[in-house]
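Read the structure below first, then the notes.
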Protein chains: 2
Amino acid sequence: MDTRQYMQQVGRDARAASRLMAGASTAAKNDALNRIAGEIRSRRDALLEANARDMELARHEGLDSALLDRLSLNPASVEAMAAGLEQICTLPDPVGEISDVKQRPSGIQVGHMRVPLGVVGIIYEARPNVTADAAGLCLKSGNAAILRGGKEALNANQAIAACVRDGLAGAGLPATAVQVIETTDRAAVGELITMPEFVDVIVPRGGKGLIERISREARVPVIKHLEGNCHVYVDDHADRERVVAIVENAKTQRYGTCNTAESLLIARGVATELLPEIGRMLAGKRVEMRACAESLMLLRDAGIDGGLLVAATEADWSEEYLAPIISVKVVAGLDEAIAHINQYSSGHTEAILTDRHSHAMRFLREVDSASVIVNASTRFADGFEYGLGAEIGISTDKIHARGPVGLEGLTSRKWIVLGHGEIRG
Amino acid sequence: MDTRQYMQQVGRDARAASRLMAGASTAAKNDALNRIAGEIRSRRDALLEANARDMELARHEGLDSALLDRLSLNPASVEAMAAGLEQICTLPDPVGEISDVKQRPSGIQVGHMRVPLGVVGIIYEARPNVTADAAGLCLKSGNAAILRGGKEALNANQAIAACVRDGLAGAGLPATAVQVIETTDRAAVGELITMPEFVDVIVPRGGKGLIERISREARVPVIKHLEGNCHVYVDDHADRERVVAIVENAKTQRYGTCNTAESLLIARGVATELLPEIGRMLAGKRVEMRACAESLMLLRDAGIDGGLLVAATEADWSEEYLAPIISVKVVAGLDEAIAHINQYSSGHTEAILTDRHSHAMRFLREVDSASVIVNASTRFADGFEYGLGAEIGISTDKIHARGPVGLEGLTSRKWIVLGHGEIRG
């Protein structure tokens, strides 16, 4: 069977399974999640052995240490996979919820029912834990899933897939509700993203290049997370006591996460007073500052190590560094801050530090990003901190789902009409 | 200026205007809507004259009478445009609404704020009234709009565009918040659907061919309405008193609308009793029945005019006739009805006629269509009947918006976080 035929069969099976999953009871879905967790625990040694084979091949192919780190499993990370599935059990089932029912003058009652999207295709890198997470979230939200993980994780992914299949079958649900692509042929991705008859939405997770390519070539809707060029704006009316702590947390708690601040904007009225202190904190952590002319002068005057100070170029305002580097700009005030963010941000997460209510409300309203934060760190922008329990990704799109996408983002709402024999006049 | 440069300029202006519209007050938006309505009324004669020029050209080019009918304006339809804008005024402003705020263990409060999508591109046929409707809905929902109407309506559209511009400017809003494309070059559509930097979503309205082409070529999300192959399923437990009236209304009230029933499914247990009566009603209205073998026999036995009875082919189950034709199939019961609908329907609207609660609930849950109706006509599936006040279209997509799309469908929700200086631990 060639890749095209194989993917068509996977698609057909997924579509058929999605019909059964849409009608599955919460009890059956939770039973499956618990069974999968149990299978993962009881087959821990086999999973670790499969992962060891993946690791050996990956080392042989010269993968860098960060990728190897993401690929590797150990007893604790296998347990975390199982526990993650059990946690998804505890989340409320979104499917079938009826809301907003209103009576219309015609006599009919009109409302919404939350329903699964159908078939979700997930394309991700060589991280076996994503296989379990994504399977669990799609299952609980009543979708069928087609998972395509990085080829370096193939053995572990297949071992996890076996646990998922057995858990589904044990609970009386179709084993094809979660399928892990068995071929490493890259053409499989091209097929997956161009089968609108079988796939309702694609969620790509990975580098910007991969996501841009998938968005360009997909013939089905894509829920995507491009990048996180997140801003912290220190307003004239900021609470001086908290500014340094919040900037420190937003920029330096973790350099590689998408909700890390990459750009600091500071109002001219407080820059002289606050920028030196912020600069000293950043310098103490060896964070390079790409600064506008005005902030460069203030930072130099404050005696910051010149080796950490670089004149910003236009490109810096758009950059997601994912590194101990931050761009710094003095702005006239709120208007310039909002305009700058709306011009340069990737639309992920922005924070304002202010004690002026009207500024907070304008920032919330006018900044066009998925998460807009008043007086807290950008690092809060994730599914767990927001109370979603788990997330399939963080969307920087504007339609359907913005920001952290949990169970609700994997569903849609249809209209329901309850009548008593009404006809339209 | 070539078409590409022109469209880039339109896009840039729309993006800039969308920033201002996102922050516009409800009062300013309503003021603009009322002013536009006023301009349309006071320039009625000029609009009718522009439309007369369009009609003359269209007749010269040999447009058929249905298209000419949609193109034509008269004093009553001009007044209806103005009144439609005033009705949009009375709808609640969705923008800025904060909902679902919850306190998290970290101390932050997390919730949603409803926000405009940004820039909406609408591509439609030669119907000048859509220009006013679409402008009004985009304006009220805080979006900027780029409107591309059919070339046959160019003069009327430009005349309406002038009213919109003057109304916006009079209310202190950017005149570029609604732009009507001035060129008839078809390449303008290709540009409009491939400018993700300037356009957030495309809403195509028109024939299936146009919409499929746009979906295939677009590089921005598309909210689309493909077709309405709507079903009525008469269950074993249907209220016999209402069956004929509902089928009559669903099929024959209007033949050309997307929520008209195109297929009748009837449970075997009641087919012998009810199908003859339904068939006589349809035959009385000269509706052709494309029937499965079993229903064909029942209809023949009931003495229905053989000229109206045709053996259904496989293709009939997928057909949107938009004509006095209906496909008819006897099914074993609920399971087969749901499976048939999920296989052949276009996902627009389906109705079940039943008095059995468990059947109604299963149909609501398991039928995968934008609107699912119990004991009422499929003809209710539209924005006005659902209480949206107005609609920009009816979506047969599964993400973002399903079914009638009103003001809410032209918005999204961002996350907002209200903190008190919190940092992530």
Check: Just the Cα atoms of chain A, one point each, no solvent: what log10 I(q)/I(0) does Debye give at q = 0.10, 0.11 Å⁻¹?
Finding: -0.78, -0.91
Check: Per the Cauchy relation, a quarter of the hull surface: what is the mean projected area of the convex hull of the alpha carbons in region A:21-86, in nm²?
Finding: 5.6
Item checked: Positive-end residue, the protein assembly as shown charge dipole about Cα centroid, Cβ charges, pick of B:Leu147, B:Ser77, A:Phe384 -> A:Phe384
Notebook entry, point to check: Out of the DSSP beta bridges found with both residues in the protein assembly as shown, what percent are antiparallel (nearest 5)?
Noted result: 25
Next item on the list: Would you kindly state how much longer the chain becomes between A:Glu217 and A:Ala332 on full extension, computed as 0.36 nm times their sequence separation minus their alpha carbon distance, in nm to one decimal?
Entry: 37.2 nm
Notebook entry, point to check: For the residues A:Glu294, A:Glu273, B:Glu385, what sequence is obtained by ranking on other C-beta atoms within 10 Å, fewest first?
Noted result: A:Glu273, A:Glu294, B:Glu385
Next item on the list: On a C-alpha basis, how far is the centre of region B:259-312 from the centre of region A:35-67 in Å? Whole number, if you could?
Entry: 61
Notebook entry, point to check: Can you give the FRET efficiency for B:Glu241 and B:Phe384, using 1/(1 + (r/R0)^6), R0 = 30 Å, r = Cβ-Cβ distance, to the nearest 0.05?
Noted result: 0.65
Margin query: I'd like to know which of B:Ile325, B:Ser346, B:Ala401 lies farthest towards the positive end of the charge dipole of region B:292-425, counting +1 on Cβ of Lys and Arg and -1 on Cβ of Asp and Glu.
Written below: B:Ala401
Notebook entry, point to check: What shape does the protein assembly as shown have by the C-alpha gyration tensor, where a ≥ b ≥ c are the square roots of the eigenvalues, rounded means a/c under 1.5, and otherwise prolate means a/b greater than b/c and oblate the rest?
Noted result: oblate
Note to self: Is there a quick way to get the dipole size of chain B? I mean about its Cα centre, with the Cβ of Lys and Arg at +1 and of Asp and Glu at -1; what is the value in debye to the nearest 20?
What the structure shows: 1140
Next item on the list: Find the centroid of the Cα atoms in region B:148-202 and in region B:210-230, then give the distance between the two in whole Å.
Entry: 20
Check: Looking at chain A, what % of its DSSP beta bridges pair antiparallel, to the nearest 5?
Finding: 30
Check: So which lysines pass the test for B:Lys29, namely a Cα distance under 23 Å, with those fewer than 8 places away in the same chain ruled out?
Finding: A:Lys398, B:Lys140, B:Lys414
Notebook entry, point to check: Out of residues 5 or more away from B:Val115 or on other chains, whose amide H comes under 5 Å of its own, with H placed 1.01 Å from N in the peptide plane?
Noted result: B:Gly96, B:Ser412, B:Arg413, B:Lys414
Next item on the list: Pick out, from B:Val189, B:Ser412, B:Ala311, the residue whose Cα sits farthest towards the positive end of the charge dipole of chain B, with +1 on the Cβ of Lys and Arg and -1 on the Cβ of Asp and Glu.
Entry: B:Ser412
Next item on the list: Run the dipole for region B:161-239 about the Cα centre, Lys and Arg Cβ at +1, Asp and Glu Cβ at -1, nothing else charged, and hand back the magnitude in debye, nearest 20.
Entry: 360
Next item on the list: Could you work out how far the C-alpha centroid of region A:359-425 sits from that of region B:381-408, in angstrom?
Entry: 19
Next item on the list: Work out the FRET efficiency for B:Ala83 and B:Leu210 from their Cβ-Cβ distance, taking R0 = 22 Å, and round it to the nearest 0.05.
Entry: 0.15
Checklist line | Neighbour-count order for B:His400, B:His112, fewest beta carbons within 10 angstrom listed first | finding: B:His112, B:His400
Next item on the list: Rank A:Val110, A:Val178, A:Val244 by mean-square fluctuation in a GNM of chain A with C-alpha springs under 10 angstrom and give only the top-ranked residue.
Entry: A:Val110
Check: Leaving out same-chain residues fewer than 8 places away, which lysines sit with a Cα under 22 Å from that of A:Lys151?
Finding: A:Lys208, A:Lys224
Item checked: Cα gyration tensor shape for region A:65-134, rounded if a/c is under 1.5, else prolate or oblate -> prolate
Next item on the list: Just check region B:211-332 against the gyration tensor rule for me: Cα atoms, a ≥ b ≥ c as the square roots of the eigenvalues, rounded for a/c under 1.5, and otherwise prolate or oblate depending on whether a/b exceeds b/c.
Entry: prolate
Next item on the list: For A:Lys285, list the lysines whose Cα falls under 26 Å from its own Cα; do not include residues on the same chain fewer than 8 positions away.
Entry: A:Lys251, A:Lys329
Notebook entry, point to check: Between B and A, which B residue has the Cβ nearest their rotation axis, distance in Å?
Noted result: B:His400, 2
Checklist line | Given charges at beta-carbon only (K, R positive; D, E negative), |dipole| of region A:195-282 in Debye | finding: 340
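Taken together, the values in this text are just the output of simple stated rules run on the coordinates, not laboratory data. Everything quoted here is computed from the prediction, not taken from an experiment. Here the Cβ is made from the backbone with ideal geometry for all residues, glycine too, and neighbour counts use every protein chain on show.
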